[in-house]
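These notes are about the structure you will find just below.
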Amino acid sequence: MCGTVQAMSNSPTDLDTILTRGVVETIGDDVLRSRLRAGEKLRIKLGIDPTSPHVHIGRAVQLLKLRDFQQAGHTVVFIVGDFTGVIGDTSDKDSERPMLDREQIEANKSTYFAQVGKVLDLSLVETHENSAWLANLTYREIGEHADCFSVADFIARDNIKRRLDAGKRVSLREVLYPLMQGYDSVAVRADVELGGTDQRFNLLAGRVLQERLGQGAQSILMGPLINGLDGRKMSSSWGNTINLTDSPEDMYGKVMSLRDELIPNYYEYCTRVSMEDVVAVCDGLAANTLHPRDAKMRLARELVTLYHGADAAVGAEQHFVQTFQERGIPDDIPSVSVIAGSALVDTLLKAGMVASKSEWRRLVDGGAVEVVGDGARVTDPSLVVDHAITLKIGKRRFVQLLVE
């Protein structure tokens, strides 16, 4: 990736910056550029389903792009998909996503606007919940929307084709999701919709429905999917996320556990560090003149500053240095997200940090498990995790447990 990064203007309102940074595919590019050059103020749409209580920085790639448009004077439209979240999007899944109950969606969405407010000026954001229009559609209207698409269109999608070829179930409910996301664009009269590359079919559905219902077809900007701390796609279901709600110390520590090869992507897509600086980081890493640790420390400061402020970033870095570097602890130890109240041994087994419960018991009984920071030994093999801790297991194994 380092070899492909090119410097561009630092200005967030620069047209090329808006249309290229954090963008891997554009549909309707010529029309969009023409409208922007003509000085039109456009309606820029982004929707997020509250399938988790946390918004992670993979989703924030699109929020930052929304902020670029906001700073350029356009109307940003943010939709919490409280209705689509119940149905479930299958775009990035290799198996059927279960329907969520409304109570779970209500609980998850309770802080979404506050989290989005860490990135956007909410006083200038048009906010919606899509149950406002989707819950009121009639069967006839849904039938008219469905008539715009064929079954072949749907099953041609890569993940759906793989599931069908493997003999896995594909529910009719999943066919409805693109119709609903597409109708969101009609309801808010979107000129541009943002989304990840996994959303391509859903985003295109918006263009189809807009044209069928007498509106101009929205342009589409698709951003990359960000890999999480373990190298897989960042996903709340896998627990490999950096969340906007993480404490400054947890956010900083998670960044320091990031795989080295992901550093350039995080600089370009998850921050607003100038592209000249991103190129310099890439060049330094490639030439071995910049240590990955130092690159990650700056990245951690940038992210904590973005979501918690400069003072919090200073404090988080001091905490990290005192906890890790001054005690001779590696700064690239793995981090594992765990639900509060989980048994420590189960978490370590799942993360591959111990081979078995009997090995864990031997380590604990032998005094070989230490809580980094206060030097206390773990003495109870059945210990339950209720707060973030870092463990030293034996002489060389370290793991950082970050509680959700």
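Coordinate-derived values only; no laboratory data. What you see is a predicted model; the values in this text were computed from it and never measured. Don't worry about glycine lacking a Cβ; one is built from the backbone with ideal geometry, like all the others, and counts go over all protein chains shown.
Figures for the structure shown
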quantity	calculated
Gyration tensor (alpha-carbon) shape descriptor, segment 96-250, a/c threshold 1.5	oblate
³J(HN,Hα) computed for each position of segment 358-371 - Karplus, 6.51 cos²θ - 1.76 cosθ + 1.60, integer Hz, glycine/proline x	5, 5, 4, 5, 5, 5, 5, 5, x, x, 9, 10, 10, 7
Highest-first arrangement of 376-384, 271-279, where packing means the average Cβ count within 10 Å	271-279, 376-384
Cα gyration tensor shape of segment 191-252, rounded if a/c is under 1.5, else prolate or oblate by comparing a/b with b/c	prolate
3J(HN,Hα) from dihedral phi, segment 349-354, Karplus parametrisation 6.51/-1.76/1.60, rounded to Hz, x for glycine, proline	5, 5, 7, x, 7, 10
Listed peptides 219-228, 169-178 by packing density, highest first (mean Cβ within 10 Å)	219-228, 169-178
Within the chain, percent of DSSP bridges classed antiparallel, to nearest 5	40 percent
For the chain, built as a Gaussian network whose Cα springs stay under 10 Å, the top-fluctuating residue of Thr323, Thr84, Thr289	Thr289
Other-chain or far-sequence residues with amide H under 5 Å of Val76's (modelled H)	Ile44, Glu126
Dipole magnitude (debye, nearest 20) for segment 238-403, charges at Cβ of Lys, Arg, Asp, Glu	680 debye
Nonlocal amide H pairs with Val336, under 5 Å, H built at 1.01 Å	Gln400, Leu401, Leu402
Pairs from Lys233/Lys254; Lys118/Lys296; Lys65/Lys118; Lys109/Lys233; Lys45/Lys254; Lys233/Lys392 whose Cα-Cα separation, in the structure shown, is over 19 Å	Lys118/Lys296; Lys109/Lys233; Lys45/Lys254; Lys233/Lys392
Shape call, segment 238-403: gyration tensor on alpha carbons, a/c limit 1.5	prolate
Amide proton proximity set for Lys233, modelled H, under 5 Å, gap of 5+	Gly228
Rough spin-label spacing in nm, given labels placed 7 Å along Cα→Cβ, for Ser150 and Ala38	3.4 nm
For the chain, with +1 on Lys and Arg beta carbons and -1 on Asp and Glu, the positive-most of Thr305, Ala286, Ser247 along the dipole	Ala286
Karplus-derived 3J(HN,Hα), 6.51/-1.76/1.60, for each residue of segment 62-68, Hz, glycine and proline x	6, 5, 5, 5, 4, 5, 4
Gaussian network model of the chain, springs between alpha carbon atoms under 10 Å - residue of Met234, Met256, Met353 with greatest fluctuation	Met353
Simple Cβ-charge dipole of the chain, Lys/Arg +1 and Asp/Glu -1, about Cα centre, in debye nearest 20	660 debye
Percent antiparallel among DSSP beta bridges (both partners in segment 2-226, rounded to 5)	15 percent
Cα pair distances exceeding 30 angstrom across the chain, given as percent	47 percent
Residues Ser236, Ser335, Ser342, sorted so that the one with the fewest Cβ neighbours within 10 Å comes first	Ser342, Ser236, Ser335
Relative exposure of Asp101, Asp49, judged by other C-beta atoms within 10 Å (fewest first)	Asp101, Asp49
Student exercise, segment 2-226 dipole from Lys, Arg, Asp, Glu Cβ charges, in Debye to nearest 20	200 debye
Cβ-Cβ FRET estimate between Val403 and Ala287, R0 fixed at 30 Å, reported to 0.05	0.20
For the chain, built as a Gaussian network whose Cα springs stay under 10 Å, the top-fluctuating residue of Asp165, Asp294, Asp283	Asp165
